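The values are calculated or read from the model by the stated rules, or taken from the named source; none is laboratory data. The structure presented is a predicted model; accordingly, all values stated were derived computationally and were not measured. Don't worry about glycine lacking a Cβ; one is built from the backbone with ideal geometry, like all the others, and counts go over all protein chains shown. Side chains included, ligands, DNA and RNA excluded: accessible areas come from the protein's heavy atoms. Shrake-Rupley method; radii C 1.70, N 1.55, O 1.52, S 1.80 Å.
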Amino acid sequence: MLYFHYFSGIMSERRVRVRFAPSPTGGLHIGGVRTALFNYLLAKKHGGDFILRIEDTDQNRFVEGAEEYIINALKWCGIEPNEGIGFGDGAHAPYRQSERKPMYRQYAERLVESGHAYYAFDTEEELDKWREDMTAQGVPSPQYNAVTRQYLKNSTSLSADEVKTRMERGDKYVVRFKMPRNDDVKFHDLIRGWVTFNTSQLDDKVLLKNDGMPTYHLAHVVDDTLMEISHAIRGEEWLPSAPLHVLCFRALGWESTMPQYAHLPLILNPDGKGKLSKRYADKLGFPSFPLSWTTTNKETGAPELNVGYKETGFFPDAFINFLALIGWHPGGDKELITLDEMIELFSLEKVHKAGARFDYEKAKWFNQQYLKARSNVELAAAVKKDIEAAGFTLGDSKLAEYCGLIKERATFITDVVTLGMYLYKDIQYYDDETIKKKWKPEIKSKWDEYVASKDLSALEADVMMNEFIAFTGLKTGEIMPVLRVALAGILQGPPVVDMAKFLGAKGTAERLKKSFDYFESVR
RNA sequence: GCCGCGUUCGUCUAUCGGUUAGGACACCUCCCUUUCACGGAGGUAAGAGGGGUUCGACUCCCCUACGCGGUACCA
């Protein structure tokens, strides 16, 4: 509802409004989903607004379908914004920065007028060349700053006339922030506390590009202000440019409504080397996107399908639970928590500072826990389509029974379909090795003998199995593996008697006969 | 290189000056089950190093090391 604004100078109460602001440059990756999640949690915790803003200021990197993907991913995760692209316009439309393009220029101009920014005419080629030369001379990362701007082509170094003619002539130019030469910029981060940077380390960042689009820096300062954003929660990779942003707010006279920053720790690759990347995920065999997403191979140009968490068989609630606990911990020993509980428990102060390695094994464990907790009926509904497509022809209650038999053994919802396939269609594979070791022809003759005198329609399958085992006179260790393979084909799965019950006396008898005949042929 | 941020079991983490440093994943042992799994019981395993401050530091400060991030007319 209302949030106590601690560090704004004047203590004020402010409605919590947060935004998730991805670039439509491809599929949303796991780190992005977690950023969205933390934004969502803070908004819900305080009864505020969660906004989806699309930061598409770089036309070159725009990817078709990415925006729709982001919307669908948030929907699947169950963390839907209540305002913004795909979720309804509020009072601050439009929410796509490309559509807000005309709004930004005036603020860039304002900064130029107030002496906080200037025009620069250097072309990208000239700058590339200049950086190259500087690097060759031993400057590791050349800065466009208080010193170098004096000899580069801009309105601080050129005469007023020259600037005027260039602009009238239609020369392309950018607007750069005029970074002070040597000032300390101090700001408070909700996760890290006070952070200080010296402006001598910062350069004159481009605010408005030569195509008239703002860069991220200007765009988010303007939009966060106009959209009345109270908290800016983003990845740690933004921390180094935060002082620039603070200075922009200040120069525009917006410091009092500046959002409070919270820089999230990064999700690292499992070996701790670098930000979690698709490349690593691919290599180690786990998904990096919530939903499947097709990318284009940079070398071959061929389309590549990246299977998502959803398609792998993750439940959204399990996925979110797992993600929430990367870099955040509410205290206590409870790990299985619902979204509502997360909202209740959430606070940015409890977010960790250090980066966290991604652990796919733990992700699987979460899913397994959620799977086990689902009712048989729920699982049946979730799996019905796939399982019917795979050959299951029985009714819903039978399908639920099947799910109950299988779920303890499954990690993914997709496992439920495949793990007990032999129960709803013919056995596709037999473990011949076990048969070669365990098969005794007398089992078949005993079975024929046993079953000849029985009325299968009047017999319970479990009773039948127990009677038959006793009838063979064999030790359970001798007979059980054979019966298991005869019913399932493999040495895994639910208890033999339970499988028999599922198959029914008649179904079990048919299957035993068929399997025993086969066993005779392989022994 | 420079700047920033960080550093508790292999991994995710609890601890907010006084604990036998707790939990979870993974791993190992045993039990349950003559299958696989689930479940249960137990086990191995941690405060990067060095200085301070303090009666007392994982906890506060400094230095070092290491890791990550940033250093674009990308976000």
Conditions: (1) within 11 Å of RNA strand B (Cβ to nearest atom); (2) under 16 Å from A:Thr215 (Cβ atoms); (3) of a type outside the set (A, V, I, L, M). A:Thr123 meets all but one. Number of the miss? (2)
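Just give me the residues in region A:261-280 being touching a residue at least 12 places away in the same chain (Cβ under 8 Å) and out of contact with any Phe, Trp or Tyr (no Cβ under 7 Å at 6 or more places or on another chain), in sequence order.
A:Ala262, A:Pro265, A:Leu266, A:Asp271, A:Gly272, A:Lys275, A:Lys278
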Conditions (1) open to solvent by less than 30 Å² (accessible area, probe 1.4 Å); (2) near RNA strand B (Cβ under 8 Å from one of its atoms); (3) among the β-branched types (Val, Ile, Thr); number of the one not met by A:Thr148: (2)
Looking at region A:397-408, is at least one residue open to solvent by less than 70 Å² (accessible area, probe 1.4 Å), within 11 Å of RNA strand B (Cβ to nearest atom) and under 15 Å from A:Ala318 (Cα atoms)? no
Kindly list the number of the only condition in (1) within 16 Å of RNA strand B (Cβ to nearest atom); (2) at pLDDT 95 or above that fails for A:Gly272. (2)
Can you list the helices (runs of 4 or more DSSP H) lying wholly within region A:432-495 that have 1 or more residues being within 48 Å of the chain's Cα centre (by Cα) and away from RNA strand B (no atom under 12 Å from the Cβ)? A:432-438, A:461-472, A:476-488
Out of curiosity, is A:Leu305 open to solvent by 70 Å² or more (accessible area, probe 1.4 Å) and either touching a residue at least 40 places away in the same chain (Cβ under 8 Å) or outside any loop (DSSP other than H, G, I, E, B) (or both)? yes
Can you name the residue in region A:319-377 that is of a type in the set (S, T, N, Q) and open to solvent by 10 Å² or more (accessible area, probe 1.4 Å) and is also farthest from A:Gly48 (Cα to Cα) among such residues? A:Asn376
Filter result for A:Glu478 (open to solvent by less than 80 Å² (accessible area, probe 1.4 Å) and not hydrophobic (A, V, I, L, M, F, W, C)): yes
